[in-house]
1. Between residues in segment 83-109 that are within 20 Å of SER136 (Cβ to Cβ) and residues that are at pLDDT 80 or above and of a type in the set (S, T, N, Q), which pairs lie under 6 Å by C-beta distance while being six or more apart or on different chains?
2. Could you check segment 35-144 for strands (runs of 3 or more DSSP E) lying wholly inside it with 1 or more residues that are hydroxyl-bearing (Ser, Thr, Tyr) and at negative phi?
3. So which residues in segment 48-60 are under 30 Å from PRO131 (Cβ atoms) and either modelled with pLDDT of 90 or more or among the hydroxyl-bearing types (Ser, Thr, Tyr) (or both), if there are any at all?
4. With the structure loaded, tell me whether ASN74 is more than 19 Å from ALA118 (Cβ to Cβ) and at pLDDT 95 or above or whether it fails that test.
5. Which of (1) of a type in the set (A, V, I, L, M, F, W, C); (2) farther than 20 Å from CYS22 by Cβ; (3) touching a helix residue (DSSP H, G or I) at 6+ places or on another chain (Cβ under 6 Å) does ALA126 not meet, given it meets every other one?
6. Could you check LYS106 against (1) in contact with a Pro (Cβ under 8 Å, 6 or more places away or on another chain); (2) surrounded by fewer than 18 Cβ atoms within 10 Å (Cβ to Cβ) and say which number it fails?
7. Take segment 1-23 and flag every residue that is surrounded by 13 or more Cβ atoms within 10 Å (Cβ to Cβ), part of a loop (DSSP other than H, G, I, E, B) and either on the phi > 0 side of the Ramachandran plot or under 13 Å from the mean Cα position of the chain (by Cα) (or both).
8. From PRO45, PRO41, which residue is under 24 Å from VAL140 (Cβ atoms), at pLDDT 90 or above and of a type outside the set (Gly, Ala, Ser)?
Amino acid sequence: MEEIIKKYSNEEITIVWRPKLCMHSTFCWKGEKGLLTVFNPKTKPWINPTGASTPEIIKHVNACPSGALSYFNNDGKKSEAEISPENIIELIPNGPLIIYGDIIIKDESGNKIKRSKATALCRCGASASKPYCDGSHTAVGFKG
């Protein structure tokens, strides 16, 4: 089955959303840190690329722990996130293991899958898309 990829553009950037990667952390829209004027799951389309300044949108896209949200500059120039060579691993309390940076994952057949920006790996064992996190840790009450 072909992966669904949605794109939403303003004059400066295009926001890319990959629903299959989304672990529904709600970092993009919920609470004080969220940006509801851009990311609002109660509206269609749920992403409004003109709802805030481009730097504010980029800040929120870069905070997406699953990598489901990304962006590219419409002028063709590489963004800072696209050229960063740094890799960081972060343990989310009661949630996934997040790897920031470019990595290659080998599946059980030895096929290589390249992942960029951020990859959320399941720690609870309940994900339907292992080794990736799908947000199941919340439903099963994972603590760790």
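The values are calculated or read from the model by the stated rules, or taken from the named source; none is laboratory data. Fair warning: this is a prediction, and the values are worked out from it, not measured in the lab. Positions of Cβ are backbone-derived with ideal geometry, glycine not excepted, and every protein chain shown enters the neighbour counts.
1. ILE99/THR119
2. On the way: elements: 69-73, 88-91, 97-100, 103-106, 112-115, 118-121.
It comes to 69-73, 97-100, 118-121.
3. Within segment 48-60, ILE57, ILE58 meet the criteria.
4. Taking the combined requirement at face value, the residue does not satisfy it.
5. Result: ALA126 passes all but (2).
6. (1)
7. ARG18, CYS22, MET23
8. After applying the criteria, what remains is PRO41.
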